[in-house]
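Any read-out appearing in this document is the output of simple, stated calculations on the displayed coordinates, not a laboratory observation. In this text, all values refer to a predicted model and were calculated from it rather than measured experimentally. A quick note on method: Cβ atoms are made from the backbone with ideal geometry, for glycine too, and the neighbour counts reach across all protein chains shown.
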Amino acid sequence: MTTKFATSLAPIPIVPRKNTARIALFDLPEASTVLLTECFRQFGIDTIPISSVHKERLHREKFDACALPMKESVGGTIELARNSASNSRIVIYGVGGTAQDAMRFSKYCINAIFHEPLERSAVVKLIRSTRPLVLHEFRRYVRVPVMTDVAVVAADGSRLSVTSQDISTGGMSLKGTAHLEPGQLVEVSFALLTLPRIHVRGYVTWKKPNKTVGVRFDISDERRRRLKDWIGGYLEA
């Protein structure tokens, strides 16, 4: 009887709670801040509004992501975060603007854009697709959402300048590629933060009406190893 009673009063082990991911909402209008806060909360991500006068926090404090307006004045802010030892791999969301606006900051690798006017369904959809990157929950073959300039050379020698949508060790999706068709051989070249410009062979595997195509890298191209190492380091940082 005594033994059973003592056992029932044994302390219940406390399981430490995993740290919640934090996203900085930098210099955003109040309405945008409220909507993004509500939507990120659905995915277990805390939001911290930061005004422009306190932008040094992006250098001093650790954040998993940052959302900021796509205007010329934020270039220094992105650089401030990217140059921080804690936030060099921070996920960057642009708010407003176009893909062309994001390309002005392509050397900092904008990960995704919330298009204005913000719509709850579109915001939730984008957060859902990028959530694993923010929370560091990766599948074996993760695709890293990133927007950067990509040069494409087709087998016939024609050249295209397009924009990446996401990238993995096996391939990437590209936007602005109306002239490419499935089965077409290509060579793509691009740079990503600390990764110097890399050239990789591949072929187009799919095409969508919105001028987006998928390129699968040639597994026999040894240059792909540099990309694989970079992605591994990016995810582990």
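Student exercise: in the chain, how many lysine pairs 8 or more apart or on different chains have Cα atoms under 16 Å apart? Could you put the intermediate results ahead of the total?
Values: K18/K62; K55/K71; K71/K107; K175/K207; K175/K208; K175/K211.
Lysine pair count for the chain: 6.
Would you please classify the overall shape of segment 115-237 from the alpha carbon gyration tensor, given that a ≥ b ≥ c denote the square roots of the eigenvalues, rounded means a/c under 1.5, and beyond that prolate means a/b larger than b/c while oblate covers the rest? Before the final figure, lay out each step's value.
Values: a/c = 1.99, a/b = 1.22, b/c = 1.64.
Since a/c reaches 1.5 but b/c is at least a/b, the shape of segment 115-237 is classed as oblate.
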Long-range HN-HN contacts of T205 with modeled amide H, under 5 Å: G183, G214, V215, R216
Between segment 192-237 and segment 44-80, the Cα center-to-center distance that results, in Å: 28
Estimated dipole of the chain in Debye, rounded to 20 [Cβ of Lys and Arg +1, of Asp and Glu -1, Cα centre]: 640
Ellipticity estimate at 222 nm from DSSP helix runs (n ≥ 4, -39,500 (n - 2.57)) divided over the chain, nearest 500: -8000 deg cm²/dmol
In segment 86-139, trypsin sites (Lys or Arg not before Pro) in a DSSP loop with at most 16 other beta-carbon atoms within 10 Å: R104, R139
Segment 141-193, dipole about Cα centre (Lys/Arg Cβ +1, Asp/Glu Cβ -1), debye to the nearest 20: 120
Rounded to whole Hz, the Karplus (6.51, -1.76, 1.60) HN-Hα couplings of segment 156-166, x for glycine and proline: 7, x, 5, 10, 10, 10, 10, 10, 6, 10, 7
Rounded if a/c under 1.5, otherwise prolate or oblate - segment 60-124, Cα gyration tensor axes: oblate
Cα gyration tensor shape of segment 21-135, rounded if a/c is under 1.5, else prolate or oblate by comparing a/b with b/c: rounded
Equivalent ellipsoid, the chain (semi-axes from 5 times Cα gyration tensor eigenvalues, Å): 37, 24, 17
